[in-house]
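The next block holds one structure in the form of structure tokens; read it before the comments.
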Amino acid sequence: MPFGKAKEPKAPKEKKEKKVKPPKEKKPKKPKKSKKGEGPVEEIAEATEEAEAGKKKKKKLNPIFLLVSLAVIVAAAVIIYFVVLPKVTGKDKDPEPSVSVEPDPPVLPTELPVGENVVPGMVLGSDEYQAQAVLAKTITYTYTDLADAGKVAETYVGQLRSAETPFSIVDEEFVRTDAPDFTAAEGMVLLARNLPLPEPEVQESEAPAESEPAESGDPEQSEEPAQSENPEESAQPSQAPEVEEPVRMVLTVRITWSEGQCVVTADEEEGMVTSPPREPNSGSSGSLSVRGAQARLEAMTPAELGLSGESMEEYNVYPIDGVEMVDGVACITLYVYSDGGGQGGNEFMGSYLMSIDGAHLYQVNPVTDEIKVLK
């Protein structure tokens, strides 16, 4: 028999409602693994298909892309060259119209002083922009209150003709002529003399280089001088230097007399005082050529020409083109230069005039242009 009180029965527990779980997402099945070193078969196949499709697309689009790119580059270059650069450099502006500049008129003296008075100077336009005003060397003196102007003029002419460097009465062409009639109430006489000639410029030719003796082991052979292979070449004379004839100038004195006064004008002009040609002489012998005059002068001795030395082989003679008149006789001009040898260069020694008939020889003073009779 049981002991104690009997237990009361417990009330039944309420059943809990089960929570409904959301359905699980099905995971994609993993692809089957391929052999070692290879990826999944399906992925490799898809990647291969995509790569081939991309290559086809690229092959189709590549030429078009190049053409489009080239067109864009060309268009950009054209825009830059024709639009941008002109604005930056300013070349798009219209060019300024060119203005022709006329030369300025020449600057000339506005006044010419004459004693205490002045004369208006010459005014020239721009078409004569190269014109220059050169002050002349002319000097004019007027002698007034003369008792006998013709006699004064004659006395002055004699003074000039007997000067240390004498003048000659000449015509307008500087040819010697006779004196005028000084007893006339009015008249004019022109006198002139040659001015000294500057020494002519000689262009010396280069001396040929001396050949050095060839070295040889045999002393006897080395002592012998080397001979030229062509003896005719060694016998030819050296080339004559080119001589430029200077411009000849004359000093003139023009004397004009009238009642009670005498006007003297001195000037310097280009020209040469000469003698009138002599009338031909039927009994004269043949004339010398230029080379003949040169040969005749070379055949003389230095003493006959007023030079030092024993032989004309120490000098070189060069004829000058043209003929000069001395006392109505045509003469050939000859210049003489020292040979110089190894001491360098030709030196001008003198100028000579030989008549074309060979009968007369003159020496010209290079300073005073005075003519001295040698023969």
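The values are calculated or read from the model by the stated rules, or taken from the named source; none is laboratory data. Model, not experiment: these values are computed from the prediction. Methodologically, a virtual Cβ is constructed for each residue, glycine included, from the backbone with ideal geometry; neighbour enumeration extends over all protein chains shown. Only protein heavy atoms, including side chains, enter the accessible area calculation; ligands, DNA and RNA are left aside. Shrake-Rupley method; radii C 1.70, N 1.55, O 1.52, S 1.80 Å.
Among the residues of the range 129-153, count how many are acidic (Asp, Glu) and either in contact with a helix residue (DSSP H, G or I) (Cβ under 6 Å, 6 or more places away or on another chain) or at pLDDT below 85 (or both).
Looking only at the range 129-153, we keep the residues that are acidic (Asp, Glu), and these are 145, 148.
Imposing the further condition that a residue be either in contact with a helix residue (DSSP H, G or I) (Cβ under 6 Å, 6 or more places away or on another chain) or at pLDDT below 85 (or both) reduces the set to none.
Residues in the range 129-153 being acidic (Asp, Glu) and either in contact with a helix residue (DSSP H, G or I) (Cβ under 6 Å, 6 or more places away or on another chain) or at pLDDT below 85 (or both): 0 in total.
Kindly evaluate LEU190 against the criterion of being within 30 Å of SER258 (Cβ to Cβ), modelled with pLDDT of 95 or more and crowded, with 16+ Cβ neighbours inside 10 Å. Before you say what the answer is, go through the steps one by one.
Working: within 30 Å of SER258 (Cβ to Cβ): yes; modelled with pLDDT of 95 or more: yes; crowded, with 16+ Cβ neighbours inside 10 Å: yes.
Against the criterion (within 30 Å of SER258 (Cβ to Cβ), modelled with pLDDT of 95 or more and crowded, with 16+ Cβ neighbours inside 10 Å), LEU190 qualifies.
So the check is Cβ under 9 Å with 6+ separation or different chains; which pairs have a first residue in the range 338-363 that's over 14 Å from VAL326 (Cβ atoms) and a second one that's open to solvent by less than 50 Å² (accessible area, probe 1.4 Å) and modelled with pLDDT under 65?
Hits for this filter: SER338/GLY345; GLY345/VAL202; ASN346/VAL202; ASN346/PRO241; ASN346/GLY340; GLU347/GLY340; PHE348/PRO200; PHE348/VAL202.
Can you list the strands (runs of 3 or more DSSP E) found entirely within the range 101-185 that contain at least 2 residues being more than 30 Å from SER275 (Cα to Cα) and either in contact with a Gly (Cβ under 7 Å, 6 or more places away or on another chain) or open to solvent by less than 50 Å² (accessible area, probe 1.4 Å) (or both)?
Details: elements: 111-114, 117-120, 139-143, 168-170.
Those strands (runs of 3 or more DSSP E) span 111-114.
Could you look through the range 237-267, keep only residues that are open to solvent by 70 Å² or more (accessible area, probe 1.4 Å) and within 32 Å of the chain's Cα centre (by Cα), and pick out the one that is modelled with the highest pLDDT?
VAL247
Does any residue of the range 305-319 turn out to be open to solvent by 50 Å² or more (accessible area, probe 1.4 Å) and of a type in the set (Gly, Ala, Ser)? Let's see the steps before the verdict.
Start the filter on the range 305-319 by keeping residues that are open to solvent by 50 Å² or more (accessible area, probe 1.4 Å), which leaves 306, 308, 310, 313-314.
Keeping just the survivors that are of a type in the set (Gly, Ala, Ser) gives 306, 308.
Yes.
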